[in-house]
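Quick notes on the structure that follows.
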Amino acid sequence: MRAPLVIGNWKMHGTLVEARALAAGIRDGLKRPRGVQVAVCPPFTALAAVSEILAGTPIQLGAQTCHHDAAGAHTGEISPPMLAELGCRWVLVGHSERRKEIGESDELINRKLRAVLANGMTPVLCVGETSDERRQGLTFTTVEGQLRAGLAGLGADEIAKTILAYEPVWAIGTGVNATPAQAAEVQAYLRGLLSELSSKEIAQTVRILYGGSVKAENADALLAEPEVDGALVGGASLNAQGFIGIVRKAARIGTATKE
Ligand code: PEP
């Protein structure tokens, strides 16, 4: 049994005032989420404030990226120990926006992922193909390359502590989500690779989220797929009610169908 996990990725949205209001709205609307794990990843500047607002609630804190070193001359960067100190439990690594806009390589993403693990947090490794790659029949090749490189050098016990997020680039922020069948097909393929890289048993325990234009209206169908263990939510996580709607659907499916 893999408990559903829903993570909100706020990206570069939210002044302190806005982030506090959003966190409070989610906290107040989700008093006791059952059958689902929930986390939000605010911008760095809001982590401390959101951490205070969510203290004592089951809603956990995550970060959108990190540097791979613990400290050093890296102007503008944030290290894993800094995030852990603020109460972060999750760190996204390899988000397609960072791969594209910042030029993060698979090798760098692997270093970050290992640093997150070394600091006792859970990395969420994002993989996904562009629309061109899908058109050219390269979906599996792309996600396989990203997965193998992202998890390079990890032992089976470390793979067991990692979360994957399948996020087709063409579905992120476009309003066009992958169909449940498309998500399930790729996620089953990823699970097969995890099996090869760790063991069949471990692969069965690793959660694979789907991300890409998830909203309350399409969450039911996506989360009903046995291969979809939750959602990484961008745009729809910026509205407390919208995010809560997705969490409730995940909770219902987590406690009913998949148990
Ligand atoms: C994301 O950024 O991880 C994401 C899935 O965004 P959106 O939900 O807006 O497509």
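Just a few scattered comments:
- Charge context of ALA149, other residues only, Cβ under 9 angstrom, K/R +1, D/E -1: -1
- Most mobile of GLN64, GLN241, GLN182 in a GNM of the chain (Cα contacts under 10 Å): GLN182
- Solvent exposure of the stretch 198-242, expressed per residue, is 38 Å² of accessible area, with all protein chains present and a 1.4 angstrom probe.
- The GluC sites (Glu not before Pro) of the stretch 138-246 include none that meets both criteria, a DSSP state outside H, G, I, E and B (loop) and at most 15 other C-beta atoms within 10 angstrom of the site's C-beta.
- Solvent-accessible area, 1.4 Å probe, carbon plus sulfur percent, for the chain: 53 percent
- Surrounding net charge for GLY175, when Lys and Arg each add one and Asp and Glu each subtract one, Cβ distance under 14 Å: 0
- For ASP132 and GLU77, the FRET efficiency from 1/(1 + (r/R0)^6), where r spans their Cβ atoms and R0 equals 35 Å, is about 0.65.
- Within the listed set ASN110, ASN177, ASN218, the residue fluctuating most in the Gaussian network model of the chain (springs between alpha-carbon atoms under 10 angstrom) is ASN218.
- Most to least packed among 160-167, 13-20 [average Cβ atoms within 10 Å]: 160-167, 13-20
- Packing here is the average count of other Cβ atoms within 10 Å per residue, and on that basis the peptides 151-157, 54-60, highest first, run 54-60, 151-157.
- Note, ³J(HN,Hα) from phi for the stretch 43-55, Karplus 6.51, -1.76, 1.60, rounded to Hz, x at Gly and Pro: x, 3, 5, 9, 4, 5, 5, 5, 4, 5, 5, 8, 4
- Per-residue ³J(HN,Hα) for the stretch 158-172, Karplus 6.51 cos²θ - 1.76 cosθ + 1.60, θ = phi - 60°, Hz, x for Gly and Pro: 6, 4, 4, 9, 9, 10, 10, 10, 8, 10, x, 4, 5, 9, 7
- Environment charge of ALA70, counting only residues whose C-beta is closer than 13 Å and scoring Lys/Arg +1, Asp/Glu -1: 0
- The chain: relative contact order as a whole-number percent, Cα under 8 Å and 6+ apart: 23 percent
- Checked against a 18 Å cut-off, the cross-linked pairs LYS112/LYS161; LYS11/LYS31; LYS31/LYS249; LYS161/LYS215; LYS11/LYS215 give Cα-Cα distances beyond that limit for LYS11/LYS31; LYS161/LYS215.
- Gap separating the Cα centres of the stretch 1-25 and the stretch 148-167, nearest whole Å: 24 Å
The values are calculated or read from the model by the stated rules, or taken from the named source; none is laboratory data. This structure is a prediction, so every number in the text was calculated from the model and none was measured. Using ideal geometry, Cβ is built from the backbone for each residue, glycine included, and neighbour counts are taken over all protein chains shown. The area values use the complete protein model at the heavy-atom level, side chains included, leaving out ligands, DNA and RNA. Shrake-Rupley method; radii C 1.70, N 1.55, O 1.52, S 1.80 Å.
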